[in-house]
1. Kindly evaluate Y82 against the criterion of being among the hydroxyl-bearing types (S, T, Y), at pLDDT 95 or above, under 30 Å from K138 (Cα atoms) and more than 19 Å from the chain's Cα centre (by Cα).
2. Please determine whether any residue of the range 71-79 is in contact with a Pro (Cβ under 9 Å, 6 or more places away or on another chain), under 27 Å from V229 (Cβ atoms) and surrounded by fewer than 17 Cβ atoms within 10 Å (Cβ to Cβ).
3. In the range 319-336, how many residues are among the hydrophobic types (A, V, I, L, M, F, W, C) and surrounded by fewer than 19 Cβ atoms within 10 Å (Cβ to Cβ)?
4. For Y155, indicate whether it is in contact with a Pro (Cβ under 9 Å, 6 or more places away or on another chain), within 15 Å of F73 (Cβ to Cβ) and not charged (D, E, K, R).
5. Within the range 77-104, track down each residue that is farther than 23 Å from G59 by Cβ and touching a helix residue (DSSP H, G or I) at 6+ places or on another chain (Cβ under 8 Å).
6. Would you be able to tell me the number of residues in the range 159-171 that are within 11 Å of the chain's Cα centre (by Cα) and within 11 Å of V228 (Cα to Cα)?
7. If I filter the range 238-278 down to residues being closer than 14 Å to A153 by Cα and of a type in the set (A, V, I, L, M, F, W, C), which single residue comes out as farthest from the chain's Cα centre (by Cα)?
8. In the range 156-173, what residues are crowded, with 24+ Cβ neighbours inside 10 Å and outside any loop (DSSP other than H, G, I, E, B)?
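The values are calculated or read from the model by the stated rules, or taken from the named source; none is laboratory data. Computed from a prediction, not measured in an experiment: that's the story for all the values here. Note: ideal-geometry Cβ built from the backbone for every residue, glycine included; neighbour counts use all protein chains shown.
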Amino acid sequence: MHGEELRYITEAYESNWMSTVGENINEVERMTCEKVGCKYAVALSAGTAALHLSVKLAGVKPGDKVFCSDMTFGATVNPVVYEGGEPVFIDTERDTWNMDPVALEKAFELYPEVKVVVLVHLYGTPAKVDQIRAICDKHGAVLIEDAAESLGATYKGHQTGTFGSYRAISFNGNKIITGSSGGMLLTDDVHAANKARKWSTQSRENAPWYQHEELGYNYRMSNVIAGVVRGQYPHLEEHIAQKKAIYMRYKEGFKDLPVTMNPYDEANSEPNFWLSCLLINQEAMCRQVRGEQEALYISEPGKSCPTEILEKLAQYNAEGRPIWKPMHMQPIYRMHAFVTREGNGRASTNAYIAGGGVDVGMDIFERGLCLPSDNKMTEEEQNRVIEIVKSCFC
């Protein structure tokens, strides 16, 4: 928090505009369009709400298959199920840890009837958008862009949140800027924007009484939450710079360890560096076993694993987390189809892999972890984290 947030919250309080109408909402929608480069922004209660309305706008109906990024948080995929759709998970590529365009093309060969793709920019790192959008155009599919984690990131000079027909960003408490909650649906289609506004206010018709002719939702952002976001926006670039500095200090601090940082396409993209992540080299992994809710490891000299590092960090009250567990490994979704880029490779025991293939997402999950990345973290605190991680490989 920087101070301006309280000013706009107070304005909402003093003007008595505390609910889902007010100047803060209007201004945040304007600021988002200006920053991202879209024509219309609809302020909503959460990024998940924005994704849900995007799925509705894309026309997903019960029984429709939808291609989804596999390595992500459940909020990306659940809105597809809200509308009765059936997620088909597309494996991850190693260059950016995002949806693999090769696997996506293979998925269209297996399921040519699919007309919607949900793409995530994982951890604030842009996906290979040009390739993915070209594949969607080739097959006549609508692209929904989940930019919840990537506000401020760019791909070939263009902001994420401008590539899909419908896009979602998030202002959740852990995002690059926050309202404590809240999200935004972005589009260049005025009809879609108006439809989303109507749906998000319980689909009230323009009548003197409460008239409802279609299903609606209580999804609008409050003027108070919008005040927090409004106060945060001027500090977006500052936050990104802080996050990038954290990433670069980790990269330098770990240069002598058998690890790599979460990758990005340096020639074409600039992430917002929302989370700094670590991937342990295969030969430097000690034995690790994970169940559904527990994990065990056997310590070995010169080797480590995510479980050991996370437990060690926790001893010093420093929070790290595992990489997002891929959706095809989740109990709720493990019976859904999962498409990889090629056959004759290692397959997950938890999912049906359509066409066979190497499970890249599962491999990254097994060997990766998210490091403490708070932009309020001091350099001294980060140096302590680096030393803790190094000690795990002794």
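1. When the stated conditions are applied, Y82 does not pass them.
2. no
3. Selection size over the range 319-336: 2.
4. For Y155, the condition - in contact with a Pro (Cβ under 9 Å, 6 or more places away or on another chain), within 15 Å of F73 (Cβ to Cβ) and not charged (D, E, K, R) - is not met.
5. Hits for the range 77-104 are D91, T92, E93, R94, T96, W97, N98, D100, P101.
6. The total comes to 0.
7. Out of the qualifying residues, it is A267.
8. Y166, R167, A168, I169, S170, listed by residue number.
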